Amino acid sequence: MPAARTRSLPRAPDAALSRRSALSGLALGFAALAGLAPRRARADGVLSVQARLSTNTAEVSDAVELVVDVSREGGSDDLPEPLLPDFKAMGIAVEGPMTSFSNRTSWINGRSSSSVRQSYVYYLSPQKPGRFELPVQVMDGAAKVRAPSIPVLEVTGAAVTPDAPAPAEAGARPTEARGDVFLWATVDKPQAYVGEQITYDLEVYERVRFQNIHLRELPGFQDFWSEELPEGRTRTEVVAGVGYRVHPGLRRALFPQRAGTLTISAAQVGVGLRRRVSGPTLGIEVLPLPAEGQPPGFSPNNVGAFTLEAAVDRRKVKVGEPFTLTVTIKGTGNIKVIDPGTWPELRGLRRYDPKVETQLLTGEVLGGVRSYAFLVIPEVPGPLTIPAHTFDFFDPSEGRYRRASSPAIEVEAEGEPLAGANAGPTPTAEATNAGGEEDLLLSSIYHPDRLPRVDAPEPWLTPRRWATGMAAVPAIAALGWGVGAISRKVRGDAESQARAARAVKMRALIAEAEAAIPSGEGFHATLSQILQTAAVERTGPAGQGLPRRQLLALLADEGVDAATTKRLGKLLDHCDAARFGASAHDTADARKGMLSESLELVRSRALRPRGE
């Protein structure tokens, strides 16, 4: 017994020690957690900002780069955007920014240290001389973090004054040489009526071949409706004894929307990185439409020369069965905004809202075809008349109002009158639907005594036929599954067909670019289309019709890395540079290399179409 007690005595201290160890471990754990709290509070790391100029001296209108780097040592990858000075108040035009992101991780004594940096490049163009301090800062929560040094820009030269609009001259050509590069803008007429087309041409005159001439700022067409027209071709022209290569910039059909002196502001191109060249500002005298002879309720959109036609798809119809009435307006003018006027009332016919289609024809003068397809239902039998439709317009070439008319159309309807139909003027679909859809869905009520009486036939489904049909169900299901599988394999699903269509389109563009490599004719325009198509397919419908800067920004929002978007933008800029100013380095070998680089980019994983 004593020996047994002797063996059992050490166990009590062991248990106590275990409890003390457990408590100590918990205490140490809480202490460790408490020790982590300060480090978590510092998880945002150290934020800093740096700002520098590519040059500290410049002439008025020169381009200067302002580079801003926002960095964080340790902590989150989320970086605030820089806060810039009020460039507009300073008289400095600004573009950008172009952005890039980088991160770095290093190991020191077995511990990791990370840092991230976001770089912004702004392009500044001072419009007046002076000394400009450009403080830059960022917000770190509620605290401001300023750049340690403030960039200072010294600008010399004469201040830029807005050009007064020069009265436009029809087809005017330059009469003096204006340096190695200048812009020329012209219109086909100096005076026009409201709604009358004015053709605007912008061209780049280049004496020396530059590697990088690009359109920086489009002309302003405020108070005009603008439509693109086909551009001309590059040509040579002698101005005051000096030879120039003339490159088409852009061509627009402009339709003034109000009377008075309207201004087309100047366009601007960049030559290299630092030089800017502006074109002329034009003033157009716009006349109001004459009040004399103007039809009541006339729409100012109906300016041009037009004809009017009407036709039906058949002249013999049955009561209650629809046919199609198509009214077509053709001619020259802003066909997109044509107002056809009030449609004539119909007797014994129900007419629904039209399906409207517009076919735009671009040439020297904008025009096209606008058609209105009505669904019409005869409600009574007999000869029915679709009255002539009239359409008023102002012809600027003659300076007077004119009227176009379509002939009346006779339709023969057969059958019994529809319930509630009458031969008077019938309202349009909107009026007939005012009482609710029930008027269109419910037929006349029949009394039960007038319904035909027939004996009930012997049922076709017998017990034997039921058993036979149920036994055949598995075989029919298996057969249907097999046929469906084969059909899916042969036809492919809709996505596969869409991918195939995109591939065919892209192969056609690539083949067109390859064929243009030797001559260079149309090469850069096709290559730009390849790159643009790849970018839009990556973004999906949201990218349709976006300007280049917005498209590149959308790619970044979609998760495309900064290196890819920068490379894409550089290739597109190169296409513009080659298009607006021929380069001495634009050889067949250079074009071949550029196509190869572009294809490598569009086939990369980063620009793979959405959903693939």
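The values are calculated or read from the model by the stated rules, or taken from the named source; none is laboratory data. Only a predicted model underlies this, so the values are computations on that prediction, with no experimental measurement involved. A quick note on method: Cβ atoms are made from the backbone with ideal geometry, for glycine too, and the neighbour counts reach across all protein chains shown. Please note that ligands, DNA and RNA were not included when accessible areas were found on the heavy atoms of the full protein model with its side chains. Shrake-Rupley method; radii C 1.70, N 1.55, O 1.52, S 1.80 Å.
Can you check what the Kirkwood hydrodynamic radius comes to for the range 63-171, Cα pairs only, in Å to one decimal?
About 16.9 Å for the range 63-171.
Multiplying the sequence separation of residue 52 and residue 275 by 0.36 nm and subtracting their Cα-Cα distance, what value in nm do you get?
Full-extension gain reported as 78.3 nm.
Taking the solvent-accessible surface of protein heavy atoms with a 1.4 Å probe, what is the per residue accessible area of the range 55-147 in Å²?
56 Å²
Run through the DSSP bridge list for the range 143-269 and note the antiparallel percent, rounded to the nearest 5.
Once the DSSP bridges in the range 143-269 are tallied, antiparallel ones form about 95 percent.
Could you give the accessible area per residue of the range 501-560, probe 1.4 Å, as a whole number in Å²?
For the range 501-560, the solvent-accessible area averages 50 Å² per residue.
Which of the GluC sites (Glu not before Pro) across the range 117-215 are loop residues per DSSP, with 12 or fewer other Cβ within 10 Å?
Loop-located and lightly packed - 169, 176.
Express in nm, to one decimal, how much length is gained between residue 479 and residue 521 on full extension, taking 0.36 nm for each residue of separation and deducting their alpha carbon distance.
That works out to 9.4 nm of additional length.
Given a 1.4 angstrom probe, what's the average accessible area per residue across the range 244-289, in square angstrom?
Per residue, the range 244-289 has an accessible area of 33 Å².
Which parts of the range 298-333 would a label at residue 388 reach, counting a residue when its backbone N lies under 14 Å from a point 7 Å out along Cα-to-Cβ?
Backbone N within reach: 308-310.
At R0 = 25 Å, how high is the FRET efficiency between residue 159 and residue 89 if r is their beta carbon distance? Nearest 0.05 is fine.
E(calc), rounded to 0.05, equals 0.95.
Using a/c under 1.5 as the rounded threshold, could you call the range 170-221 rounded, prolate or oblate? The axes a ≥ b ≥ c are square roots of the C-alpha gyration tensor eigenvalues, and prolate needs a/b larger than b/c, oblate otherwise.
Oblate is the answer for the range 170-221, as a/c is 1.5 or above yet b/c matches or exceeds a/b.
Run the quick spin-label model on residue 410 and residue 339: label points 7 Å from Cα toward the beta carbon, then report their separation in nm to one decimal.
Using points 7 Å along Cα→Cβ, the separation is 3.6 nm.
Give, in nm to one decimal, the length gained when the segment between residue 100 and residue 178 is fully stretched (0.36 nm per residue of separation minus the Cα-Cα distance).
24.2 nm
For residue 218 and residue 114, what is the calculated FRET efficiency with R₀ set at 51 Å and r taken between the beta-carbons, to the nearest 0.05?
0.75
If each of residue 315 and residue 499 carries a label point 7 Å out from its Cα toward its Cβ, how far apart are those two points in nm?
Simple spin-label model gives 5.5 nm for this pair.
Using r as the Cβ-Cβ distance of residue 207 and residue 131, and R0 as 45 Å, what FRET efficiency do you calculate, to the nearest 0.05?
0.80
So, in nm, how far is label residue 364 from label residue 542 when the simple model puts each one 7 Å beyond its Cα toward the Cβ?
4.6 nm
Sort 88, 592 by heavy-atom solvent-accessible area, probe 1.4 angstrom, most to least.
88, 592
Restricting things to Cα coordinates, could you compute the convex hull volume per residue of the range 84-130 in Å³?
Expressed per residue, the convex hull around the Cα atoms of the range 84-130 is 90 Å³.
Could you state how much accessible area residue 57 has, in square angstrom rounded to the nearest 10, with a 1.4 Å probe and all protein chains kept in place?
For residue 57, solvent-accessible area is about 90 Å².
Of all accessible surface on the range 216-331 at a 1.4 Å probe, what whole percent is carbon and sulfur?
The nonpolar share, carbon plus sulfur, comes to 50 percent.
Taking the full set of protein chains and a 1.4 angstrom probe, give the accessible area of residue 278 in square angstrom, rounded to the nearest 10.
Looks like 70 Å² after rounding.
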